[in-house]
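Report on one structure; see the data block that follows.
Derivation of every value follows stated rules applied to the coordinates shown; laboratory data play no part. Keep in mind the model is a prediction, meaning the values are calculated, not measured. We place every Cβ from the backbone using ideal geometry, glycine too, and count neighbours over all the protein chains shown.
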């Protein structure tokens, strides 16, 4: 990302600084923007950048994050289409208020500052930067509580279906994660039909259909692994999960802890 482009992105983010809990900053007070790549994206479809804002009034620099996604014009495989869809889902997660609703429920995620989903075949998501560490004493219990808040927020077919619809509160995946067979039809077809492999093949189909038929659905994270979680501490030293990467946020039964 070039410096001029980074500065333009930052100016789009400034109006939401106060709402995000950041100290308000005017475009006139923006002295410089330092941009550096901090991670590459799934399948090489872009990068995550740290944007460090230097201010002319001598206040401390402010860091935010920009996720720049470069999507293929044509998807030649189920896998590529799934990846493309996942980035559209994450853009919807931040653009349609899901992040704010989770934060209000006590499940902390980055605050969206700017979402640009109209840049040709690409998507750009700017958000606050989470500050924490990769592990914390008691973090497993704390993260299960975080997941419970997520599932409770969308529990029940009405709220879950709305979150996956096309309306202003929708945009999440009707199917996500890896448990449903729609993502792996070729592999499933190649499985043997006799012996223990055949039994697994039949069981996979039955489990897939049962999970889709579950009457009490919610929204699940879809990729709830350690690499997508940081931990901060509250005043009592207890773990506070800080969760990101919502590309696979999708409709699913609450027993799907991902």
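Among 197, 45, 216, the largest mean-square fluctuation in a Gaussian network model of the chain, built with springs joining Cα atoms closer than 10 Å, belongs to 197. Remark: 158, 183 ranked as 158, 183, counting other beta-carbon atoms within 10 Å and listing the fewest first. Relative to the longest principal axis of the Cα atoms of the chain, the long axis of helix 3-13 lies at roughly 80 degrees. Rounded to the nearest 10 degrees, the angle from helix 139-154 to the longest Cα principal axis of the chain is 80 degrees.
Comparing Cα centroids, the stretch 1-50 and the stretch 171-248 end up 32 angstrom apart. Taking each DSSP H run with n ≥ 4 as -39500 (n - 2.57) and averaging over every residue of the chain yields -10000 deg cm²/dmol at 222 nm.
Taking a quarter of the surface of the convex hull around the Cα atoms of the chain, what do you get in nm²? Answer in nm², one decimal: 15.9. Cβ-to-Cβ counts within 10 Å put 151, 98 in ascending order as 151, 98, the fewest first. Relative to the longest principal axis of the Cα atoms of the chain, the long axis of helix 195-213 makes an angle of roughly 60 degrees.
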